[in-house]
Amino acid sequence: MKTTSLVEETIAFVKEILKDAEAGHDWFHTQRVFRNALLIAKDENVDVLIVSLGALLHDIADAKFHQGDERVGPDMAREFLNSLEVEKDVIDKVCFIIEHISFKNSIGENKNTKHPIELMVVQDADRLDAIGAIGIARAFHYGGFKNRTLYDPEIAPNLELTKEEYKNSKSPTINHFYEKLLLLKDKMNTTTGTKIALKRHAFLLQYLEQFYGEWNGTQ
C-alpha cells in the first residue's frame, strides 16, 4: 500500500475509534499531535511514515481509559496495521512509539536513555499539546471528567511522584501543572519542539499568575 493511502486509511480508522472519546484525548487531539509531529519532522532525519503512523495511533486506547492496561493500545495498533499488510519492521517501530510515548513512562527514566528519533519527534508533538492554551483547556476538561477540584491551597503538589502515584493521583487540576505540565519544556527532545514549548510554557506561567490573582482577590 502506498504511503499516502496508508496514512489516509489510518486517519479514517482513528476517527472511528475515537468518535466518542473524552475531548482531551479525541480525534482532534490526535490531529494536532499529527500536525505537530510533521512540523518537527521537517528539521529531523526521520522516517516520516513511522512518525505519521506513530502520531496517528499513539492514543487509540489510552491506558487510563482501559483500567490502566498499557497493552491495549499497542495491540490494537498492531492488529490494524497487520490487517493492511504493513511490514513487520514498520509495525514494530510504531508500536514502540505507542508503548513509550507517555509522560508517566518517563518518570524515573535514566536521563542517558537513547530512544529512536521517531519516538522523540512524536513524544515532543504529544507533549506540546499538553501545554499552552490547549494544554490548559485539556487539563481542566479532564479534571472535570474525573470530578476533581480546580484548586485546594491545602493540598500541595507532589514533585516526587512515582509512576504508580502519578497514575493513581486524584489531586486538584492546578497541582497537575506542577506535577507534569511545567516540567515538559525541559523534557523536550528536539530543537523545534523545545522552541515551541518555551512559548507555551511562558503562557502556562502567565495563566497561573492570573489564576492565583483571581483566587486571592488581588486582581
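Quick note: the coordinates plus some simple rules give every number you see, no bench work behind them. The structure presented is a predicted model; accordingly, all values stated were derived computationally and were not measured. Heads up, the Cβs are rebuilt from the backbone with ideal geometry, glycines too, and the neighbour counts pull from every protein chain shown.
For region 2-61, the relative contact order works out to 42 percent when only alpha carbon pairs closer than 8 Å and six or more residues apart are counted. Only helices enter this figure: runs of n ≥ 4 DSSP H residues, each worth -39500 (n - 2.57), summed and divided by the residues of the chain, yield -18500 deg cm²/dmol at 222 nm to the nearest 500. Cβ crowding within 10 Å ranks 149, 190 as 149, 190, fewest other Cβ atoms first. With a Förster radius of 35 Å applied to the C-beta separation of residue 43 and residue 170, the computed FRET efficiency comes to 0.35.
Relative contact order for region 59-193: 22 percent, from Cα pairs under 8 Å spaced at least 6 residues apart, divided by residue count.
Pairs exceeding 19 Å between alpha-carbon atoms, taken from 64/187; 93/199; 146/167: 64/187; 93/199. Taken over region 114-219, the percentage of Cα pairs per 5 Å bin, counting from 0 up to the bin with the maximum distance, is 2, 12, 20, 22, 21, 13, 6, 3, 1, 0.
Backbone geometry of region 27-32 corresponds, through the Karplus equation with coefficients 6.51, -1.76 and 1.60 at θ = phi - 60°, to 3J(HN,Hα) couplings of 4, 5, 4, 4, 4, 5 Hz, x marking Gly and Pro.
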